[in-house]
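The values are calculated or read from the model by the stated rules, or taken from the named source; none is laboratory data. It should be emphasised that the depicted structure is a prediction, and the values quoted were computed from it without experimental measurement. No Cβ is skipped: glycine too gets one built from the backbone with ideal geometry, and neighbour counts run over all protein chains shown. Side chains included, ligands, DNA and RNA excluded: accessible areas come from the protein's heavy atoms. Shrake-Rupley method; radii C 1.70, N 1.55, O 1.52, S 1.80 Å.
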Amino acid sequence: MSQKVEPPLAVLFVCLGNICRSPMAEGAFRKAAQNAGLECRVDSVGTAGYHIGESPDPRAIATALNHGVNISDFKGRQLAPSDFEGFTHIFALDTANLAGIRSRAPRGAECQITLLLDSVPGREGQTVADPYYGDEDDFERVWSDISLAVEHVVEQLKGGG
Ligand code: 4NP
């Protein structure tokens with residue numbers, strides 16, 4: 001009888017530009033996973049290619065740093081077809097990007113593609129609001145949503161889900 005071999009966990013966070021929300025999610029998740037002893041590959045990308053190779057937005061860097069997470073060396077990358085094979089879990093930061101990811105998924109892709117806030121009981125279907133045209137308070141709200149969500153994701157992944 002053949003046994004199903006589970007792939008190593010690999011988690012990808014996806015927003016539009018990969019300079020605000022998804023790098024913050026990547027940083028927050030790295031910290032939460034490390035604290036929980038969860039071994040996992042982690043990355044973030046944008047569905048758009050506006051900021052390929054760029055550092056995160058200075059407001060995202062500052063907000064993360066205020067919470068003890070350094071994301072200053074991250075570099076923008078765009079979602080690629082190979083990501084659907086390279087990652088086991090893809091988390092969209094909002095519903096528009098969730099639709100964009102799903103529309104690009106190759107037929108037969110086995111990775112799990114979900115909305116990040118679906119991981120938080122009572123927040124299902126909600127979007128992490130785009131802070132790009134906002135202010136520092138908007139970035140702080142993003143951090144609050146993201147840090148709550150990644151704690152739930154880490155717990156779920158530790159439990160095998
Ligand atoms: P993000 O925010 O998707 O959270 O990285 C944005 C970054 C850049 C743009 C829009 C949203 N932009 O239009 O360049």
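Within the bounds of the range 15-35, is there any residue that is over 18 Å from Gln112 (Cβ atoms) and more than 16 Å from the chain's Cα centre (by Cα)? Checked the range 15-35: at least one residue is over 18 Å from Gln112 (Cβ atoms) and more than 16 Å from the chain's Cα centre (by Cα).
Conditions tested, residue by residue: (1) over 20 Å from Leu148 (Cα atoms); (2) of a type in the set (D, E, K, R); (3) away from the ligand (no atom under 16 Å from the Cβ).
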site: Gly17; (1), (2), (3): yes, no, no
site: Asp43; (1), (2), (3): no, yes, no
site: Thr47; (1), (2), (3): yes, no, no
site: Thr95; (1), (2), (3): no, no, no
site: Ala99; (1), (2), (3): yes, no, no
site: Glu110; (1), (2), (3): yes, yes, yes
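Of all residues being under 21 Å from Gly27 (Cβ atoms) and assigned to a loop (DSSP other than H, G, I, E, B) in the range 127-140, which is farthest from the ligand (Cβ to nearest atom)? Just the residue, please. Checked the range 127-140; the qualifying residue farthest from the ligand (Cβ to nearest atom) is Asp135. So Met24 clears everything in (1) without any contact (Cβ under 8 Å) to a residue 60 or more places away in the chain; (2) within 16 Å of the ligand (Cβ to nearest atom); (3) not polar (S, T, N, Q) except one condition, right? Which one? Unmet condition: (1). For the range 76-97, which residues satisfy the criterion of being open to solvent by less than 20 Å² (accessible area, probe 1.4 Å) and in a helix (DSSP H, G or I)? Scanning the range 76-97 gives Asp83, Phe84, Asn97. Taken over the range 105-147, the residue count meeting the criterion of being under 22 Å from Thr88 (Cβ atoms), aliphatic (A, V, I, L, M) and without any contact (Cβ under 8 Å) to a residue 40 or more places away in the chain is 6. Ala105 - would you say it is more than 12 Å from the ligand (Cβ to nearest atom), among the aliphatic types (A, V, I, L, M) and open to solvent by 10 Å² or more (accessible area, probe 1.4 Å)? Yes: the conditions hold for Ala105. Apart from one condition, Asp57 fits all of (1) under 16 Å from Val150 (Cβ atoms); (2) over 15 Å from the mean Cα position of the chain (by Cα); (3) open to solvent by less than 30 Å² (accessible area, probe 1.4 Å); the exception is (1).
Would you mention how many residues in the range 113-161 are hydrophobic (A, V, I, L, M, F, W, C) and either modelled with pLDDT under 95 or open to solvent by 10 Å² or more (accessible area, probe 1.4 Å) (or both)?
The number of residues fulfilling the criteria is 5.
Going through the range 8-61 one residue at a time, which ones are of a type in the set (Phe, Trp, Tyr) and either under 24 Å from Thr88 (Cβ atoms) or not in a loop (DSSP other than H, G, I, E, B) (or both)? If the condition is that a residue be of a type in the set (Phe, Trp, Tyr) and either under 24 Å from Thr88 (Cβ atoms) or not in a loop (DSSP other than H, G, I, E, B) (or both), then Phe13, Phe29 are the ones that fit.
When you look at Asn97, is it in contact (Cβ under 8 Å) with a residue 12 or more places away in the chain and within 13 Å of the chain's Cα centre (by Cα), yes or no?
yes
Figure legend. Inter-residue proximity from the range 27-47: first residues aromatic (Phe, Trp, Tyr), second residues open to solvent by less than 30 Å² (accessible area, probe 1.4 Å) and within 16 Å of the ligand (Cβ to nearest atom), beta-carbon distance below 6 Å, spacing 6+ or different chains. Indicated pairs: Phe29/Val150.
In this entry, Arg107 is excluded by the filter for residues that are part of a helix (DSSP H, G or I) and not β-branched (Val, Ile, Thr).
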